[in-house]
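Have a look at the structure below before the remarks.
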Amino acid sequence: MNSLYEADFFQWTQETSDRLRRGEFTKIDVTALVEEVEDLGKRQQSALQSRLAVLIGHLLKWDRQAAKRSNGWQATIKLQRSRIERLLSQSPSLRPFLCETLPQAYSDAVLLAIKDTGLDEKMFPKTCPYTIDEILCSKDVSGYC
C-alpha cells in the first residue's frame, strides 16, 4: 500500500478510509496514516498562524495609517477574527498555540504591513503591541471591534 500512497495519494485516501470502515486494520499503511494525521494538526496550526498574521497586519495598518482606514480593512479585520474564532471553536485545543505562535505571526504581520503601506520597518514595534484578547477583540483595540 506504501507504493499507492506515493503514486496516487487520493486513491490511497479512499482505500485507507474504506479499510478503516471495514475494520481491516492489518491492511493499512500505518506509517503513512500517522504522517497524514500529524499533518492535519500541523495544517490547523498553520491556518491559525496565517490568519493571525493577516489580522495583526491589518490592525497595524489601522493604527499606523488612520487617515487611510477603509471599509476593506475593517471587513478584513472582522473576517479574520470570525475565521479565527470558528477555527478555535472547532479545535479548542489550538487556543494555547495562539500565545506560542504570536511572535512569528507578528513578524509576518509586520512584513505584510510594510508591503501594503510602504512604511519603514522602524515604524512598527519590535514586539507585538497587542495581547491575544485585544487581537481577538475580547478587549477593544484600535478603537474598532
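The values are calculated or read from the model by the stated rules, or taken from the named source; none is laboratory data. Here the structure is a predicted model, which means the values were calculated and not measured. Cβ: placed from backbone, ideal geometry, glycine included. Neighbour counts: every protein chain shown. Accessible surface is based on the protein model in full, side chains and every heavy atom, while ligands, DNA and RNA are left aside. Shrake-Rupley method; radii C 1.70, N 1.55, O 1.52, S 1.80 Å.
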>> For segment 9-145, I need the span (max minus min coordinate) of the C-alpha atoms along each principal axis, in Å, sorted largest to smallest.
In response: 62, 27, 25
>> Suppose every Lys and Arg Cβ carries +1 and every Asp and Glu Cβ carries -1, with no other charges. What dipole size does the chain come out with about its Cα centre, to the nearest 20 debye?
In response: 760 debye
> Which whole-number value in Å² is the accessible area per residue of the chain, probe 1.4 Å?
Replying inline: 61 Å²
> Looking at the square roots a ≥ b ≥ c of the eigenvalues of the Cα gyration tensor of segment 62-101, which shape do they give, rounded for a/c under 1.5, prolate if a/b is larger than b/c, or oblate?
Replying inline: oblate
> Do you know the relative contact order of segment 53-145, to the nearest whole percent, from alpha carbon pairs under 8 angstrom that are 6+ apart?
Replying inline: 40 percent
> Carbon and sulfur together cover what percent of the accessible area of the chain at a 1.4 Å probe radius?
Replying inline: 52 percent
> Once Lys and Arg get +1 and Asp and Glu get -1 on their Cβ, which of 117, 26, 45 lies farthest toward the positive end of the dipole of the chain?
Replying inline: 117
> Arranged from highest to lowest average of other beta-carbon atoms within 10 Å per residue, in what order do the peptides 28-40, 76-88 appear?
Replying inline: 76-88, 28-40
